[in-house]
Amino acid sequence: MKEFCLGMDTSCYTTSAALCCGEEYYQKRRLLDVELGQRGLRQSEAVFQHVNHMPALWEALRREHPDAVIGAVCASTRPRPRDGSYMPVFTAGEGFARCVAAALGVPFFETSHQEGHIRAARTGLSIPQGPMLAVHLSGGTTEVVYTDGERFDIVGKTLDISAGQLIDRVGVALGLSFPAGPEMERLAREGEAASKLSVRVKNGECSLSGAEAETIRMREAGAGKEDVAAEVFSCVARTLCKMLTQTGEATGARHALLAGGVAGSMLLRGLLQARLKRAGSDLKIYWADPALAGDNAVGVAEIGYEKMMGLRTQGGKEKI
């Protein structure tokens, strides 16, 4: 009899639930609603939407997979695996997941949003054993993590806004809806970039707020939306190239995994690969499946499934 783990993830802009048994998974996701012209949500608004979305996602999974036996429940309870890491939106998913686990009489496990992203990104990939770099690129995060599967050491990060925020903020300024990534990519493919936006990276740490300000001056000088979008993606690719080469040299890592919604951009993938080749980098880059790059509960469910199987192997019981 196959047993699944239910995973729940309530990030800043996506409510998601997934069932996982090994690498067999089923997922449901729903973006949070953001009014046109707005660049995001307050945490209280996001929590309210998560609370309303979670029952529907859980019911949809049960309706489509009525025979799936739930052996455990796992939720992302914090942004990253560090002491003091906290964000209110994750309490919504944790509370719902704990209630489901208690009702079913199965173990509850917890993990972090970042660990879930990295685990989901590994799905279906054959990455050599050993330490590697994991780049977490999402709407609110731009971090390079050095990990061996147990340790998660941040070796590179943004000092102000994330790559996703740069894309979204410029997109909203251009009149696009939030999140603006897909539409910005469409515009960028129609424009041309001449590396006009500044790239600031030192010791693996980047700053992107200056590039945001420069796009405003570009528009005031008459640049078209397409060219502005193209410059933004070029800036992100050049920034990531420097972050990866610097952190790769500092850690000795030879492999890098890119996860997160921004990493799902096919345009960015091509630009970054070209930049790394031009820089002479020998880093081997692995990309998450586009269906698993964005915020979702698949990685959370996979982590929970592995913990469930480990508990079974030990013959122990986990408190609910």
- Could you check LEU174 against (1) in contact (Cβ under 8 Å) with a residue 24 or more places away in the chain; (2) surrounded by 20 or more Cβ atoms within 10 Å (Cβ to Cβ) and say which number it fails? (2)
- Task: Would you point out the residue of segment 243-284, among those that are in a loop (DSSP other than H, G, I, E, B) and charged (D, E, K, R), that is surrounded by the fewest Cβ atoms within 10 Å (Cβ to Cβ)?
- Result: ASP282
- Query: Does VAL201 satisfy the criteria of being in contact with a Ser or Thr (Cβ under 7 Å, 6 or more places away or on another chain), within 19 Å of GLN165 (Cβ to Cβ) and modelled with pLDDT of 95 or more?
  - Reply: yes
- Message: Taking the conditions exactly as written (in the same structural domain as THR77 (by TED's automatic domain parsing) and touching a strand residue (DSSP E or B) at 6+ places or on another chain (Cβ under 6 Å)), does PHE152 satisfy them or not?
- Response: no
- Going by the conditions given, is ARG189 surrounded by fewer than 22 Cβ atoms within 10 Å (Cβ to Cβ) and either of a type in the set (Gly, Ala, Ser) or in contact (Cβ under 8 Å) with a residue 24 or more places away in the chain (or both)? yes
- Within segment 133-156, restricting attention to residues that are at pLDDT 95 or above and hydrophobic (A, V, I, L, M, F, W, C), which residue is surrounded by the fewest Cβ atoms within 10 Å (Cβ to Cβ)? ILE154
- Looking across segment 263-319 at residues that are touching a residue at least 60 places away in the same chain (Cβ under 8 Å) and of a type in the set (Ser, Thr, Tyr), the single one that is farthest from ALA250 (Cα to Cα) is TYR305
- Task: Scan segment 40-59 and give yes if some residue there is touching a residue at least 60 places away in the same chain (Cβ under 8 Å), closer than 19 Å to ARG78 by Cβ, touching a Gly at 6+ places or on another chain (Cβ under 7 Å) and buried (at least 22 other Cβ atoms within 10 Å of the Cβ), otherwise no.
- Result: no
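The values are calculated or read from the model by the stated rules, or taken from the named source; none is laboratory data. Remember, it's a predicted structure, so these values are computed and weren't measured experimentally. We place every Cβ from the backbone using ideal geometry, glycine too, and count neighbours over all the protein chains shown.
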